[in-house]
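The next block holds one structure in the form of structure tokens; read it before the comments.
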């Protein structure tokens, strides 16, 4: 996996499908023997389908299957489609789907066999398999999903907008609903789909990044971490997506994974994603946002640790060197406001020096009004949803300093509904939060308090 190429040739090699529940069940199903004779006698299948499936069934090795498919490939594809539509018994449908998945895995060019069977009634090769996504049997559902992804990615035909939206929305739903058993399989399908640039754009536009980040926030194991970040890495190859991903703030969770990664492949894919987030965006401001976020999330420290280790993988060594050089240069040009803005956007406030710097607030309070009060709105969101007392304390402190140093700040705070949030924190169970809320309220009530204090002193 090379991360230094400027095109998508890097994406042509698929990652191996991981060992999971689907694969374990498939091993059992391959050993199953279907009594096709009984289906023929019961007139549930056509004689020509019986003849084809019996010959294919006897080909138990890849070489034997190749011989059959070289001679009767189109017939086999038609028979598989026919069997799926005629047979309802789950065990048999499982067997057929596993056979189809195996033959596609052995040779991706066999997707063309299913394209050749398409006609006016079945305009696209994956339609018959899409209908399986609504079945109750989870093996059938997820095996069909794997086949759909292969047909949509390895074949010459691309999915229509309607089919693509349906399938990617199904994947999103599965990621949020499936607890453990088939998540690896779902992510494997998505890894295939996101190789295709137009599929990436659709998934991004349907808020797909949030679905992936939600998986990472579940503190999943290293395999799911790897697959999920692999998907983010693929998305970041498209410049407009790399630009747009800033609103999802992926750097903090990726930095956490990097700091805790026990597997080399997880380290590699995080570093590759970080590099893409710096190299792929076409807007300098976007690169700056990502760079500052990495600095704030202590990525440089992690890079120093990685530099001291020996890696057989040159990609890791190259990416560590690239990121270290880039972030070190950014650090030299870092202003106090850049530092503050990056910290705020990371949603990980701490008592860093800028918060209590008189000079900082005197010079930068008005900058919280920029971009339609973007930073103030982040503070608002933190006070509404965050439960960390340290973050709440810093946020309320900053609101007080903003009002103290910006004459019209009181009016802005009231318009944005922040005043009420600060008032509510007066009753917080944490004494630090309560204290900073009290100070902030005092500044809100008398925002020219320093001037009045001087008048009282001189009087």
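What follows is calculated from the coordinates using simple rules that are stated; it is not laboratory data. Please read these numbers as outputs of a predicted model, since none were measured by experiment. Don't worry about glycine lacking a Cβ; one is built from the backbone with ideal geometry, like all the others, and counts go over all protein chains shown.
Can you give me the Kirkwood hydrodynamic radius for segment 195-251, using every pair of distinct Cα atoms, in Å to one decimal?
Values: mean 1/r = 0.0872 Å⁻¹.
Its Kirkwood hydrodynamic radius stands at 11.5 Å.
Scoring 91-101, 32-42, 231-241 by mean Cβ neighbours within 10 Å over their residues and listing the highest first yields 231-241, 91-101, 32-42. Stokes-Einstein diffusion of segment 327-370 at 25 °C, 0.890 mPa s viscosity, Kirkwood radius from Cα pairs, rounded to a whole number: 219 µm²/s. The angle between the Cα long axis of helix 370-385 and the longest principal axis of the Cα atoms of the chain comes to about 80 degrees, rounded to the nearest 10.
Quick check on segment 211-334: what does the Kirkwood estimate of hydrodynamic radius come out to from the alpha carbon pairs, in Å?
14.4 Å
In plain terms, the bigger the Kirkwood radius, the slower the diffusion; for segment 109-258, with that radius from Cα pairs, at 20 °C and 1.002 mPa s, Stokes-Einstein puts D at 134 µm²/s.
Rounded to the nearest 10 degrees, the inclination of helix 314-332 to the longest alpha-carbon principal axis of the chain is 20 degrees.
Summed over qualifying helices (DSSP H, 4 residues or more, each -39500 (n - 2.57)) and divided by its residue number, the chain shows a 222 nm mean residue ellipticity of -21500 deg cm²/dmol.
The value obtained for the chain, namely the Cα convex hull volume divided by the number of residues, is 175 Å³ per residue. In vacuo Debye scattering of segment 16-173, one point per C-alpha: log10 I(q)/I(0) at q = 0.14, 0.19, 0.20 Å⁻¹? Debye curve over Cα of segment 16-173, log10 I(q)/I(0) at q = 0.14, 0.19, 0.20 Å⁻¹: -0.69, -1.34, -1.50. Once segment 284-333 is represented by equal point scatterers at the alpha-carbon sites, with solvent omitted, what log10 I(q)/I(0) does the Debye formula produce at q = 0.31 Å⁻¹? At q = 0.31 Å⁻¹ the computed log10 ratios are -1.19. Directionally averaged projected area (segment 365-458, Cα convex hull): 6.0 nm².
For the chain, the longest principal axis of the C-alpha atoms and the axis of helix 183-193 are separated by about 90°.
Going by average Cβ neighbours within 10 Å, how do the peptides 148-156, 247-255, 51-59 rank, with the highest at the top? Show your work: numbers first, answer last.
On the way: 148-156: 21.1, 247-255: 19.6, 51-59: 16.9.
Most protected by this proxy first, the peptides run 148-156, 247-255, 51-59.
Ordered by packing density, taken as the mean number of other Cβ atoms within 10 Å over each peptide's residues, highest first, how do 103-109, 402-408 rank? Before the final figure, lay out the partial values.
On the way: 103-109: 15.7, 402-408: 20.6.
Order by mean packing, descending: 402-408, 103-109.
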